[in-house]
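Novice: Right, I'll just put the structure down here and ask away after.
The values are calculated or read from the model by the stated rules, or taken from the named source; none is laboratory data. Because the structure is predicted, anything quoted here is derived from the model rather than measured. Backbone-built Cβ (ideal geometry, glycine too); neighbour counts: all protein chains shown. In case anyone asks, the SASA skips ligands and DNA or RNA and just uses the protein heavy atoms, side chains included. Shrake-Rupley method; radii C 1.70, N 1.55, O 1.52, S 1.80 Å.
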Amino acid sequence: MKILLCPLNWGLGHATRCVPLIQNLLAEGHEVVLVADGYPLKFLKNQFPMLRTMEFPSYPVDYAAGKSQVGAMLRNLPGIVAGIIREHCWLGDLLRKEHFDRVISDNRFGMWNKRVNSVYITHQLMVKMPRGLRFLEAFVHFLHLKIISNYDECWIPDRKENGLSGDLSHQYPLPPNARFIGTLSRFQGLDGVVPADDYEIVAVLSGIESQRKILEEILISKYKGKHQKVLIVCGHPDDETRRLKIKNLTLVSHLADRELASHLFGARKIIARSGYSTIMDLESLGCLHKAELIPTPGQTEQEYLAEIHKGYKEMVTGLSRIPTSPPQQNLLTSAKVRFTPRL
C-alpha cells in the first residue's frame, strides 16, 4: 500500500508517537509518505531520512503566557477552522494528482477524503473543557464524533483495560469505527540501552510556545548554580545538535532516541510536560515513577493527565516536588497494527 501519514504540529508528541507506526508500516512493505511542518517535520526527517516528505502547515495556534488558555483558544479558533478547510482541499487536490491507498491523520481534522481509506488517530475522544465551560463538554464531544465519523477508522493509542488516557478515551462509549491499538512510543523496540549517570535531573521540554519557553526559563532560573547536574532537552530537532553550558546546566536542542533514553534511565528525577505522548514514552521506559509532570497552565488535557498519573502542584514561585508512586510495570508491547485496504 501507498500511505500518506500526517501528524499535527502542536508540539512534537503527535510526530513522536507515529514512529512505531511508521516502523511497522515499513516492515510490512508499505510505501510511506510524510506530511508535516515545523519541528515535527524536522524530527521525522531525522528519524526517517529515506522517506519522501511534503510540507503542509498545521493550524496556527499560540498559547497565552498566563494560567488560562480560553482567550487564546478563542483567538486561534478562526485560524484553526480555516486551516482545517485548507488541508481538506489540499488533500483532495493531491489525490486527484497522485494515488494513495490510505491516509493516516494524527489529530488533523481535515485530512480525510471519501476516495481513499482514511484513518484518524486520537487519544482524546472526550475533550476536557476549562472550569466554567464544562457544561459544554457533551456538546464538544458530539462535535468531535462528527469529525471522527468522516474517517473510515479511528485508532486510539491506548489499552482498552488499564489505559493511560483515563476519561479522555474511556469515559464515553466508542464510536463504531474506533478501536484501541495499544500505547505507542518512539522508544519502542530499543534494546541494550545503557543508563548514563552524567546528570541527576533530566528535563524534556515540548509543546507550543510561549509556554515551552517559559518552562525553560523557570528551570534555568531554579537550577542554575545548584549542586545538581541538570540536562535540559529543549525540543528543537535540527540537523545538528546544539549545546549550551550554563554552570551546572547543559542545554541541548535535541537528542537522538537512544541517547535520550540513556539519560532518562540514569536520571534520579525527570521533569516533563504531562503531554500524552510524553507519558507513553516514560511508561515504555519504566521511568514514569520518577517523573515530575508539569502541565501547561490552562491546558485542561495536560492538567487532567498530570492529576491522574502523579498529582501535581501549580508553579507559583517555582517548581515543587511532585509526589511519586512506585515504579509501574512496563506493559508496553510492540503494537503490531495490521493494515488492510478498504474494498
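Novice: Please compute the Cα-Cα pair-distance distribution of the chain with 20 Å bins starting at 0, giving whole percents from short to long.
Specialist: The calculated distribution, bin by bin, is 30, 61, 9, 0.
Novice: At a 1.4 Å probe, what is the % contribution of carbon and sulfur to the accessible area of the chain?
Specialist: 55 percent
Novice: Another question, if that's okay. Relative contact order (percent) for the chain, with alpha-carbon contacts under 8 angstrom and 6 or more residues of separation?
Specialist: Computed over the chain, the figure is 17 percent.
Novice: Any chance you could give the angle, 0 to 90 degrees and rounded to 10, that helix 300-309 forms with the longest Cα principal axis of the chain?
Specialist: 60 degrees
Novice: What do you get for the angle between helix 38-47 and the principal long axis of the chain? Use alpha-carbon atoms, 0 to 90 degrees, nearest ten.
Specialist: For 38-47 against the chain, the angle is about 90 degrees.
Novice: Over the stretch 67-225, how many percent of alpha carbon pairs lie in each 5 Å bin up to the one with the longest distance?
Specialist: Calculated over all Cα pairs of the stretch 67-225, the distribution is 2, 7, 12, 14, 15, 16, 14, 9, 7, 4, 1, 0 percent.
Novice: In addition: What number comes out for accessible area per residue over the chain if the probe is 1.4 Å? Units Å², please.
Specialist: 45 Å²
Novice: Hey, another quick one. Could you work out how much longer the chain between Glu216 and Thr53 gets when fully extended? Use 0.36 nm per residue separation minus the Cα distance between them, nm to one decimal.
Specialist: Taking 0.36 nm per residue and subtracting the Cα distance, the gain is 55.7 nm.
Novice: Using the C-alpha gyration tensor of the stretch 4-66, what are the square roots of 5 times its eigenvalues, in whole angstrom, with the largest one first?
Specialist: Three semi-axes, in Å: 24, 11, 9.
Novice: Note down the magnitude of the dipole of the stretch 10-63 about its Cα centre, charges +1 on Lys and Arg C-beta and -1 on Asp and Glu C-beta and zero elsewhere, to the nearest 20 debye.
Specialist: Dipole magnitude for the stretch 10-63 comes out near 140 debye.
Novice: Still on this structure, I have one more. If you take the Cα Rg of the stretch 150-215 and divide it by 2.2 N^0.38 Å, with N the number of residues, what do you get?
Specialist: 1.60
Novice: With a cap of 12 neighbouring Cβ atoms within 10 Å, and only residues DSSP puts in a loop, list the GluC sites (Glu not before Pro) found in the stretch 203-239.
Specialist: Taking the stretch 203-239 and a limit of 12 other Cβ atoms within 10 Å, the loop GluC sites (Glu not before Pro) found are Glu209.
Novice: Any of Lys128/Lys160; Lys45/Lys226; Lys2/Lys146; Lys45/Lys245; Lys229/Lys290 with alpha carbons more than 25 Å apart? Name them for me.
Specialist: Violating the 25 Å limit, Cα to Cα: Lys45/Lys226; Lys2/Lys146; Lys45/Lys245.
Novice: Kirkwood hydrodynamic radius (Cα pairs, Å) of the stretch 90-175?
Specialist: It is 14.1 Å.
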